[in-house]
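A.B. asks: Here it is, the structure in full.
The values are calculated or read from the model by the stated rules, or taken from the named source; none is laboratory data. Source: prediction; values computed, not measured. A quick note on method: Cβ atoms are made from the backbone with ideal geometry, for glycine too, and the neighbour counts reach across all protein chains shown.
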Amino acid sequence: MERGLTLAPDDAPEVTEDSMATKKKMTLYLPEELLNEMRQEALRQDRSLSWIMEAAWKVARERLREMPGVEELYEDYEDYEAAS
């Protein structure tokens, strides 16, 4: 079952002179098990869920950029079809 996780402005990083971050509200739908794991980690680290999400993105973004996008997959399929 999926549950919604709403990251409200209170969960967002504060804006400082060194940061141009803005606070925006966003709802993400995540599998309940994943959301529970994130909550447990947030409690363990005494951090907010939004902080956990931001940290996870920073750790994973380079790895995600290495994954092919839809356009690359489509081009690979077209090349495969053309060679057949």
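A.B. asks: Could you tell me whether segment 57-65 includes any residue that is in contact with a strand residue (DSSP E or B) (Cβ under 9 Å, 6 or more places away or on another chain) and either among the hydroxyl-bearing types (Ser, Thr, Tyr) or modelled with pLDDT of 90 or more (or both)? Steps first, please.
C.D. replies: Going residue by residue through segment 57-65, those that are in contact with a strand residue (DSSP E or B) (Cβ under 9 Å, 6 or more places away or on another chain) are none.
No: segment 57-65 contains no residue that is in contact with a strand residue (DSSP E or B) (Cβ under 9 Å, 6 or more places away or on another chain) and either among the hydroxyl-bearing types (Ser, Thr, Tyr) or modelled with pLDDT of 90 or more (or both).
A.B. asks: Something else: It is to be established whether one or more residues within segment 74-83 are among the aliphatic types (A, V, I, L, M), surrounded by 13 or more Cβ atoms within 10 Å (Cβ to Cβ) and part of a helix (DSSP H, G or I).
C.D. replies: Step one: filter segment 74-83 for residues among the aliphatic types (A, V, I, L, M), giving 82-83.
Add one more test, that the residue is surrounded by 13 or more Cβ atoms within 10 Å (Cβ to Cβ), and what stays is none.
No, segment 74-83 has no match at all.
A.B. asks: Give me the pairs: first residue in segment 53-68 and without any contact (Cβ under 8 Å) to a residue 60 or more places away in the chain and surrounded by 10 or more Cβ atoms within 10 Å (Cβ to Cβ), second residue part of a helix (DSSP H, G or I) and among the aliphatic types (A, V, I, L, M), beta-carbon distance under 8 Å, and six or more apart or on different chains, which are they?
C.D. replies: Pairs found: Met53/Met38.
A.B. asks: If we keep just the residues of segment 20-35 that are surrounded by 10 or more Cβ atoms within 10 Å (Cβ to Cβ), of a type in the set (D, E, K, R) and closer than 16 Å to Ser48 by Cα, which is modelled with the highest pLDDT?
C.D. replies: Lys25
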